[in-house]
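Worksheet for the structure shown next.
The values are calculated or read from the model by the stated rules, or taken from the named source; none is laboratory data. Because the structure is predicted, anything quoted here is derived from the model rather than measured. As a convention, Cβ positions derive from the backbone with ideal geometry for all residues, glycine included, and neighbour counts pool all protein chains shown.
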């Protein structure tokens, strides 16, 4: 398993990994927010929304992106930004059902090393506090993220 720079021909595979990786999160969001809000937030549907969001990040040119590969197959991807002394891990996911351990940790080490090379002093990542984000929280804590602030996002449908 190794990290490499993203290539244009990786796009469809990265989008598929993103969509599969967010399946339970989209399910939780729909249960919590209802169909009306979920349909506005994800107009292309829950099954494709995260892949399209990642595609937009890539095409914007404002994010770093790398993939984790094993035996010629993309098993994960990660995006990030650097803004002066702060680096932020953005969208990332590992391929479901590979049986491989350590994909997330491999990706986080890679990006944290990129941050260090860029002179970043603070690394940040944002994730949910719900059941669907529990695996992400555990992975970030294993990677060394210990300090956190808790937030709540409220939604209201307007007539």
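Tabulated values for the structure
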read-out: Residue tally, condition under 18 Å from residue 76 (Cβ atoms) and free of Cβ contacts under 8 Å to residues at least 24 places away in the same chain, over region 96-133; value: 5
read-out: One residue from 157, 141 being surrounded by fewer than 14 Cβ atoms within 10 Å (Cβ to Cβ), in contact with a helix residue (DSSP H, G or I) (Cβ under 7 Å, 6 or more places away or on another chain) and either at pLDDT 95 or above or not in a strand (DSSP E or B) (or both); value: 157
read-out: Pick from region 107-131, criterion part of a helix (DSSP H, G or I) and surrounded by fewer than 14 Cβ atoms within 10 Å (Cβ to Cβ), ranking: modelled with the lowest pLDDT; value: 131
read-out: Residue match in region 6-13 (condition: within 16 Å of residue 155 (Cβ to Cβ), surrounded by fewer than 16 Cβ atoms within 10 Å (Cβ to Cβ) and more than 13 Å from the chain's Cα centre (by Cα)); value: no
read-out: Verdict on residue 79 being under 13 Å from the mean Cα position of the chain (by Cα) and free of Cβ contacts under 8 Å to residues at least 40 places away in the same chain; value: yes
read-out: Count of residues meeting criterion [in contact (Cβ under 8 Å) with a residue 40 or more places away in the chain, farther than 23 Å from residue 94 by Cβ and loosely packed, with under 15 Cβ neighbours inside 10 Å] in region 14-33; value: 1
